[in-house]
There are 4 protein chains.
Amino acid sequence: MAKKKVAILGATGMVGQRFIEALTDHPYFEVGALVASAKREGGRYEDTGRWKLASRLPEEVGKLALIAPDADKVAASGVRIAFSALPSDVAAGLERDLAAKGIAVFSNTASHRMDEDVPLLIPEVNHETIGMVENKKGFIVTNANCSTTGLAVPLKVIQPLGIRRVFVATYQAISGAGYPGVPSLDILANVIPYIGKEEEKMQIEVKKILGGYDPGSKTVKYADFEVHPSCVRVPAVDGHLEAVEVELTERRSEREIIELFEGFESPKEVRKLPTAPQKPVIYRREPDRPQHRYDVDAGEPCDRAWGMAVSVGRVRVMGNFVRFILLSHNTRRGAAPGSVLNAELAYSRGYL
Amino acid sequence: MAKKKVAILGATGMVGQRFIEALTDHPYFEVGALVASAKREGGRYEDTGRWKLASRLPEEVGKLALIAPDADKVAASGVRIAFSALPSDVAAGLERDLAAKGIAVFSNTASHRMDEDVPLLIPEVNHETIGMVENKKGFIVTNANCSTTGLAVPLKVIQPLGIRRVFVATYQAISGAGYPGVPSLDILANVIPYIGKEEEKMQIEVKKILGGYDPGSKTVKYADFEVHPSCVRVPAVDGHLEAVEVELTERRSEREIIELFEGFESPKEVRKLPTAPQKPVIYRREPDRPQHRYDVDAGEPCDRAWGMAVSVGRVRVMGNFVRFILLSHNTRRGAAPGSVLNAELAYSRGYL
Amino acid sequence: MAKKKVAILGATGMVGQRFIEALTDHPYFEVGALVASAKREGGRYEDTGRWKLASRLPEEVGKLALIAPDADKVAASGVRIAFSALPSDVAAGLERDLAAKGIAVFSNTASHRMDEDVPLLIPEVNHETIGMVENKKGFIVTNANCSTTGLAVPLKVIQPLGIRRVFVATYQAISGAGYPGVPSLDILANVIPYIGKEEEKMQIEVKKILGGYDPGSKTVKYADFEVHPSCVRVPAVDGHLEAVEVELTERRSEREIIELFEGFESPKEVRKLPTAPQKPVIYRREPDRPQHRYDVDAGEPCDRAWGMAVSVGRVRVMGNFVRFILLSHNTRRGAAPGSVLNAELAYSRGYL
Amino acid sequence: MAKKKVAILGATGMVGQRFIEALTDHPYFEVGALVASAKREGGRYEDTGRWKLASRLPEEVGKLALIAPDADKVAASGVRIAFSALPSDVAAGLERDLAAKGIAVFSNTASHRMDEDVPLLIPEVNHETIGMVENKKGFIVTNANCSTTGLAVPLKVIQPLGIRRVFVATYQAISGAGYPGVPSLDILANVIPYIGKEEEKMQIEVKKILGGYDPGSKTVKYADFEVHPSCVRVPAVDGHLEAVEVELTERRSEREIIELFEGFESPKEVRKLPTAPQKPVIYRREPDRPQHRYDVDAGEPCDRAWGMAVSVGRVRVMGNFVRFILLSHNTRRGAAPGSVLNAELAYSRGYL
């Protein structure tokens, strides 16, 4: 069966590059159009000199001519699917315009995450919300913010125990700020205890993702627990580590919680998708893990789903509070391949 | 008036070096004896090649011959005051032995912190507990663990508002592990979400420091709120940053809390001590401070009290929870000079 | 055909781990014995907690019981081939003892590199020297020091132009010092302009590798040019970068030299070996490459030969001097897989 | 005597900030005007939020209103002395315009370094070239590029031995690129073997500085030896370390060369200037020094001349080649305070 051509919006940025990487030799999709800023229009991707990944830029993608961020031009390229890594201000208008032209937009950008008709989707957590776009021609589906994604997965695991409140402090890698991003003078041998708008995103996104879905009305509910985040940048290259504490409705044993993490599985329809990890959560029993150095790629360096599992460790119980550490790959699990996984779910359901 | 000769126990380690630095040209004390491991006995300090600070080793200290960690030998050196940076296993016995011989021991080691007759002292927080050693000949006074110290100072400031519970995630510098300490392969472009025994120390020490003191019985009470820490090593050289959240008994405004931080003062008898900072808490109103790069030395690079203030920033209120960021110098505020400040308080009261 | 069982000597260190990694699913060899320090004798490898690589420890290797570094015990295990990552002092005796018992030792250790009857082998550079061990039963073959290896390959490329003298300053990663290796306090946001014995090794090893081989007498000659190194540790994880300047016998154009680098090929019998890179030298035409971040794995992350190519860039000519930058993977090209490649060459010639 | 008011051109950049720091409480000069980009005109310095140093912005400087980079406006401020940290393109015109209006410009910018009538001045090395501006009303004096400065000082020391050729590889800190400067994704756990135009500057500037001066014609000669540099950025905050090799006209002993370094003194008229270091060269006899961590501030953290000495170590002789390591503070010795020292020399001679 012919692969579906897709556009990448914001193709020259860090997340755009991760989209290209995630779509290399993809079984369902192939890159047919690359959208960058208007000033680059017409130039070849490979001539921008923007490729910053250790993996190789696929030759045929490098030769594509760049398109300006204009809905008509994107539609004219013939694609019916777009992956968006646009800056928020550009995404706000363009993504809606593309949806209006019948294009399915899978976005990594924050602009429409909280819109009522937009699924905020992490397939391992709330796959049923993809139902919101059934029978629609053009639509937007978003993934969550990178630091939200890493948190939402283990919260899903322990949600059956009853969550009252969530405290979280983050240790976020520099790649989360894009390129050029964080100046080295600001972060070398230093940490920055502030990331613009990050805490606000975590607070609200987690509630939309974990609140539940009503298939009849095709609407999501918001969870009724609060998230209290402190977001901090640290000098690591890739990966957001988070120190989490959850107030549960009652005391549970460490053993019970660890077994929940170790036994967690994706829904069957998600598990078979190309970019879905074998195990969405990897629990580490060592006393000092997960760590960026060892766990950010979650053990599958040569598989399409590398970097898509969330690693969890150090479960500690104190009264009805449970603390743990998580780590997820911010530009893989929490960005482009996460969005590709969303598209795979829509594709497998026949929505595309 | 003649300065009092003091011994430094564990003089070749990182904290021992900070003791030497903190006592250089000190108005009350001068280094008269250096104690290191038995195998170095008799050698000159300057020949050990262990000095790792950017500041200079004072020449006359460098020429002192090292003494073995033996109570008789230390007592024979004629000192009546000792500063201890010993490893815990050595400290456990030697500090008691020295006290039994009439020596006042000011210790940075954990061994005796929780002993009933030992003040766990941060002069800006609980100066009255020094009263426990009045009229004693030999005794032990300890400072708190480095990560505890940074936390206890701002908690003292907001304690009048009513503390129910404390959540804290740390970003601790490598110097906290001594030398050679953390292997570079473990921490370069990485974080380690585990520091042995650190969380246990924070949990219990904060309670002893902030519980109150009864001058009649000369005993301390333990605070009745719990501390929930997650301790993490980050690739910074000096300074422990902490993301703190305190559950208060009722909602307070950000403004009120910031004004408490900005208005906080040390007790008068503490303020005039040589190593006491002018302001024990420096509140930063910038959105992204404090940071190791700018705040670890707390703005006084050429003063005896450099690195002795705790920097605080980012007060955020959510219901009756308040979050903030703090930073304190782990090998200054939280170690040797902190212990020197304790000795200055005892000296100024005439206990030495 | 049955794979040949091999022993790994010094199996728990950094290089030993790279040997295990390099031999996973190897077409010629399989790990049959693991040798560690005597105090670990009898314990399972997986229980040592020493595995520090991001890749997984193969299960069957993890379950092997450790053998003490004793020639009789190693021989009793039935292996006839051994890869050595021993500390120099242990290697000095044990490698000779094993050879005397008829075992072929492929060593990464410096102890016997300069011995007259030992090939100092980099197959892409001096494959013919393997002839020294033809018809021998037990013998030692060594690879070169990690910083020597990266240098010898491009020197081989330009040797036909006539080398008078070589100047080189290195930028060597921390993994070169093993684990725990370099303390983080020594290298974080710092460089160390000294690596013990490293300069001496480069000076002499390059001469033995590039001097030529006489098949009749089975002896090597030493090159008559001098190497002047300055070896410096930098805070990178893997990879040794080197700034090289070569005084040639006459002036050559940048173009000519770049074409030599781009056209360089391994000898045919080397090229087909499993761990040999497709191209032993990858020339980067970008102005600012090679770099550790992008080039240390030399573009083949999922192939047995990843990290085995040497990257070269920035050719600049000034009179009859040519400057260039090189980068090679110190624990891959310059260590264990380099030694495995040596064994593959011996195997393919039927010497094993 | 009243202090002379000075302007700082390019006051908001990293070097501009170092000028402000270097002039705080200066005995000869005080900051009277701050020049920044036109878009900031009229605003207060303290409101730009650009201060990036750990030291404090002096209050009275923070309150000054910014002036646009216009010669008339600068002259109208009444200053007759200006320190320039302008970007090259702005400096090219403005510095000449200011000189034409009778202003003495001490510049850290490259634009006019090679002009025939402009001294390229490092007082410890070629103080006599200041004579070029005697009896002039307006003029330009420049300091050298940061990596040139560190090299020129020790070359001056050994120049009497006869220099044939100089090889140098650098390890340059990120602060050399200004702010925001080097993106953290480019340098964290990485090195960049390329710094735009840096090698060209070193090659030519060293020759102008060390070639000699003819007081009669007031002209400088160019040295006749060549410099072969490889310039590399490393993840250190402040300080340029350089691995140097000098081909001498004949073989000299290590001892002789070390004694030259240890005995080197500034000319008497330079030594007494406020920003001149006590010893312009500090030779370190430890095997692994100098290092950024310990030597960048050259041991005088609380003195006006901190960071103004060049540290040298590891003298090694091989034939008539001598290798050594040097370290100098790129934004102190090699930038603003270096330029302030130049102005102090002109002031002390009565040229201002």
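The values are calculated or read from the model by the stated rules, or taken from the named source; none is laboratory data. Quick caveat, the model's predicted, so the values are computed rather than measured. Please note: Cβ atoms are built from the backbone with ideal geometry, for glycine as well, and neighbour counts cover all protein chains shown. Each accessible area value is taken on the protein alone, full model and side chains, heavy atoms only, with ligands, DNA and RNA left out. Shrake-Rupley method; radii C 1.70, N 1.55, O 1.52, S 1.80 Å.
Given a cut-off of under 8 Å on Cα pairs at least six residues apart, what relative contact order in percent is computed for chain C? Relative contact order for chain C comes out at 18 percent.
Where in the range B:205-249 does accessible area fall by at least 50 Å² between the isolated chain and the complete protein assembly, at a 1.4 Å probe radius? Those residues are B:228, B:230, B:235, B:237. GNM on chain C, C-alpha springs below 10 Å: top fluctuator among C:232, C:35, C:191? Result: C:191 has the largest fluctuation of those listed. By the rule of a second cysteine Cβ within less than 4.7 angstrom, chain D holds isolated cysteines at D:146, D:231.
Lysine pairs in the range D:39-133 with Cα distance under 23 Å, only those 8 or more apart or on different chains: how many are there? Close lysine pairs under the 23 Å cut-off: 6.
Across the range D:146-328, Cα pairs under 8 Å and at least six residues apart give a relative contact order of 27 percent. Using every pair of separate Cα atoms, the Kirkwood estimate puts the hydrodynamic radius of the protein assembly as shown at 34.1 angstrom. In order along the range B:254-266, phi translates into HN-Hα couplings of 4, 4, 4, 5, 4, 5, 4, 4, 6, x, 5, 10, 6 Hz, rounded to whole numbers, per the Karplus curve 6.51 cos²θ - 1.76 cosθ + 1.60 with θ = phi - 60° and x for Gly and Pro. Among the GluC sites (Glu not before Pro) in the range D:1-61, those located in a DSSP loop and surrounded by at most 16 other Cβ atoms within 10 Å of their own Cβ are D:41.
Across the identical copies, the 7 Å label point of residue D:349, projected outward along Cα→Cβ, sits 6.4, 6.9, 8.1 nm from its counterparts, in ascending order. Over all directions, the projected convex hull of the C-alpha atoms in the range A:224-340 averages 8.4 nm² in area. The accessible-area ordering, largest first, of the residues A:89, D:214 stands as A:89, D:214, per a 1.4 angstrom probe. One quarter of the convex hull surface built on the alpha carbon atoms of the range C:33-149 amounts to 8.3 nm², the projected area averaged over directions.
Per residue, the convex hull spanned by the alpha carbons of the range D:153-245 comes to 114 Å³.
Only beta bridges with both residues in the protein assembly as shown are counted; by DSSP, about 45 percent of them are antiparallel. Summarising the strand pairing of chain C, around 45 percent of its internal DSSP beta bridges are antiparallel.
Each other residue within a Cβ distance under 14 Å of residue A:46 adds +1 if Lys or Arg and -1 if Asp or Glu, for a net charge of +3. With protein chains left intact and a 1.4 Å probe, residues in the protein assembly as shown average 34 Å² of accessible area per residue.
Comparing the chain by itself with all protein chains present, which residues of the range C:42-62 are at least 20 Å² less accessible (probe 1.4 Å)? Residues passing the criterion (a loss of at least 20 Å², heavy atoms only) are C:52, C:54, C:56. Both radii were evaluated on the Cα set of the range C:87-160; the Rg over Rh quotient, with Rh as the Kirkwood radius, amounts to 1.00. Using Stokes-Einstein with the Kirkwood hydrodynamic radius over Cα pairs, what translational diffusion coefficient do you get for the range D:1-59 at 37 °C and a viscosity of 0.692 mPa s, in µm²/s rounded to a whole number? Result for D is 275 µm²/s.
Residue-wise HN-Hα couplings along the range C:330-343, as the Karplus relation 6.51 cos²θ - 1.76 cosθ + 1.60 with θ = phi - 60° gives them from phi, are 5, 9, 10, 3, x, 8, 4, x, x, 6, 5, 4, 4, 5 Hz; Gly and Pro carry x. When Rg and the Kirkwood radius Rh are both evaluated on Cα atoms of chain A, their ratio Rg/Rh stands at 0.96. When residue C:214 is represented by a point 7 angstrom out along its Cα-to-C-beta vector, the spacings to that point in the other copies are 5.9, 9.4, 9.5 nm, nearest first.
By the Kirkwood approach, averaging reciprocal distances over each pair of separate Cα atoms, the range A:71-230 gets a hydrodynamic radius of 17.1 Å. In plain terms, if you count all Cα to Cα distances in the range D:146-328 and split them into 10 Å steps from zero, the share in each step is 9, 35, 38, 16, 2, 0 percent. The alpha carbon centroids of the range B:2-22 and the range A:222-270 are separated by 45 Å.
A DSSP coil position with no more than 14 other Cβ atoms inside 10 Å describes the following GluC sites (Glu not before Pro) in the range D:186-266: D:250, D:265. For the range B:146-328, the carbon plus sulfur part of the accessible surface works out to 48%, probe radius 1.4 Å. Within the listed set B:146, B:231, B:302, the Gaussian network model of chain B (springs between alpha-carbon atoms below 10 Å) gives the highest mean-square fluctuation for B:302. On association of chains D and B, roughly 1100 Å² of accessible area becomes buried (total for both chains; probe 1.4 Å).
Residue by residue, the range B:64-78 carries 3J(HN,Hα) couplings of 5, 7, 7, 9, 6, x, 10, 4, 5, 5, 5, 4, 5, 6, x Hz when phi is fed to the Karplus relation 6.51 cos²θ - 1.76 cosθ + 1.60 (θ = phi - 60°); x denotes Gly or Pro. What net charge is computed for the residues neighbouring residue B:215, neighbours being all others with C-beta under 11 Å from the C-beta of residue B:215, Lys and Arg scored +1, Asp and Glu -1? Charge balance near residue B:215 sits at -2. Close amide H partners of residue D:226, meaning residues 5 or more places away or on another chain with modelled amide H under 5 Å apart, are D:166.
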